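Worksheet for the structure shown next.
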Amino acid sequence: MKKALKYSFLLIAFSWTVYYGLTALWKDFFAQGGAPMLLLKSAYMLFPMLVALVLQAVGRERPSSTGLLRFRFSWTYLAGIFCVIAAVLLAIPLSALAPGVSMHYGAEQFISINGLEGAAAESVSAQLQALPAPMLLLSTVLSGVLAGCTINALFAFGEEYGWRNYMVSALRGESFLKAALVIGLVWGIWHAPLVLAGHNYPQHPVAGVAMMCVFCILAGIVELYFTLMTGSVFIAAVIHGNINAMAAMVVMFVIGGNDLTVGLTGLGGFLAFALVILALWIYDRRSGRNIMTSPVEC
């Protein structure tokens, strides 16, 4: 546990210092948003790997010493991707259960939650009007899986090298639930500068920090389960990449509410992930794997 806490403190201190240092030093540059902020956010995703590699070098540990840097394709990867798709599809009707929210196909909710204006709002609206709902659903899932297994997974690996590789190794021997809670909480807190800047919860950035912690714990349980099942961090990167690729789809099919109640990172998404976790728990018990009830081993 001490090793995990040391890593968490150093990572958050380094990440926050670099983020706020750069945005203060080149305030006008990053105030433009768009490409500058996208570049910074992409670099931010690599910080967990960078800090982990530095600590491993200082401690004279080989990167492979975690035992989780091995890749061997199996059908389990498809099961992990299916869990993401299931969570996304479940989040649509579950989001509609919130007061003042209903299922509706259109760009209004997406434009509202993301604060789009002018040409950007018109472009999104025009694209949706030209694409029937079933086609959007299918194309988003297919393109999401493609992106989630390639470019998104590549950047997600920068994070997962820290979360589901270094930290899992550091928490070896702890219970599954304790490891999932610690990693998820640190993962959520680490996101704070991005959330406060309007990412994920632009309508409620302060409350969004707490919401992000809950989301990271729930999504982290799924990722940790498949990581321990396969003995590989790469499946976590694929699942993470698919989540990033498909998360925005939910708000295309609901209207009303806000970023705290709808979407994959809202209450609807939390319920969806809870159902996926319940299904994994039932499978875990019936299959005799007992990953969720055993100490973390890798």
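The values are calculated or read from the model by the stated rules, or taken from the named source; none is laboratory data. The model shown is predicted, which means the values in this text are computed figures rather than measured ones. Glycine gets a Cβ as well: all are built from the backbone with ideal geometry, and neighbour counts include every protein chain shown. SASA here: full protein model, heavy atoms, side chains in, ligands and nucleic acids out. Shrake-Rupley method; radii C 1.70, N 1.55, O 1.52, S 1.80 Å.
Before moving on, here are some points about what is shown:
- Meets criteria (assigned to a loop (DSSP other than H, G, I, E, B) and open to solvent by less than 20 Å² (accessible area, probe 1.4 Å)) for L280: no
- Pick from the stretch 83-105, criterion buried (at least 17 other Cβ atoms within 10 Å of the Cβ) and touching a strand residue (DSSP E or B) at 6+ places or on another chain (Cβ under 7 Å), ranking: modelled with the lowest pLDDT: V101
- Of the residues making up the stretch 248-298, those that are in contact with a Phe, Trp or Tyr (Cβ under 9 Å, 6 or more places away or on another chain) and of a type in the set (D, E, K, R) are D259, D284, R289.
- Of the residues making up the stretch 269-291, those that are under 25 Å from A153 (Cβ atoms) and within 20 Å of the chain's Cα centre (by Cα) are G269, F270, A272, F273, A274, L275, V276, I277, A279, L280.
- Complete set of residues in the stretch 246-268 that are open to solvent by less than 10 Å² (accessible area, probe 1.4 Å) and in a loop (DSSP other than H, G, I, E, B): D259, V262, G263, L264, G266
- Inclusion of F226 among residues that are within 19 Å of M167 (Cβ to Cβ) and part of a helix (DSSP H, G or I) is warranted.
- Filter result for G80 (at positive phi and either touching a residue at least 40 places away in the same chain (Cβ under 8 Å) or open to solvent by less than 60 Å² (accessible area, probe 1.4 Å) (or both)): no
- Helices (runs of 4 or more DSSP H) contained in the stretch 132-208 and holding at least 2 residues among the acidic types (D, E) and within 13 Å of the chain's Cα centre (by Cα): 151-161
- Qualifying residues in the stretch 56-72 (those that are touching a residue at least 40 places away in the same chain (Cβ under 8 Å) and in a helix (DSSP H, G or I)) - the one nearest to L11 (Cα to Cα): Q56
- Summed over the stretch 149-182, residues that are in contact (Cβ under 8 Å) with a residue 60 or more places away in the chain, among the hydrophobic types (A, V, I, L, M, F, W, C) and under 20 Å from A4 (Cα atoms) total 11.
- Taking the stretch 190-239 as the range and being under 19 Å from T23 (Cα atoms) and not β-branched (V, I, T) as the test, the residues that pass are W190, H191, A192, P193, L194, L196, A197, G198, H199, N200, P202, P205.
- Residues that are open to solvent by less than 60 Å² (accessible area, probe 1.4 Å) and β-branched (V, I, T) were ranked within the stretch 33-77; the one that is farthest from the chain's Cα centre (by Cα) is T66.
- Every condition in (1) within 15 Å of L94 (Cα to Cα); (2) out of contact with any strand residue (DSSP E or B) (no Cβ under 8 Å at 6 or more places or on another chain) is met by F253 except one, and the failing one is (2).
- So F9, is it open to solvent by 70 Å² or more (accessible area, probe 1.4 Å) and not in a helix (DSSP H, G or I): no
- Of note, Y283 does not satisfy the criterion of being in contact with a Leu (Cβ under 7 Å, 6 or more places away or on another chain) and over 28 Å from L136 (Cα atoms).
- Filter result for S175 (among the polar types (S, T, N, Q) and at pLDDT below 90): no
- Of all the numbered requirements in (1) modelled with pLDDT of 90 or more; (2) surrounded by 14 or more Cβ atoms within 10 Å (Cβ to Cβ); (3) within 26 Å of W75 (Cβ to Cβ), V141 misses one, and that requirement is (1).
- Check on I243, closer than 20 Å to M167 by Cβ and assigned to a helix (DSSP H, G or I): yes
- Residue in the stretch 227-236 that is within 13 Å of V84 (Cβ to Cβ) and buried (at least 23 other Cβ atoms within 10 Å of the Cβ) present: yes
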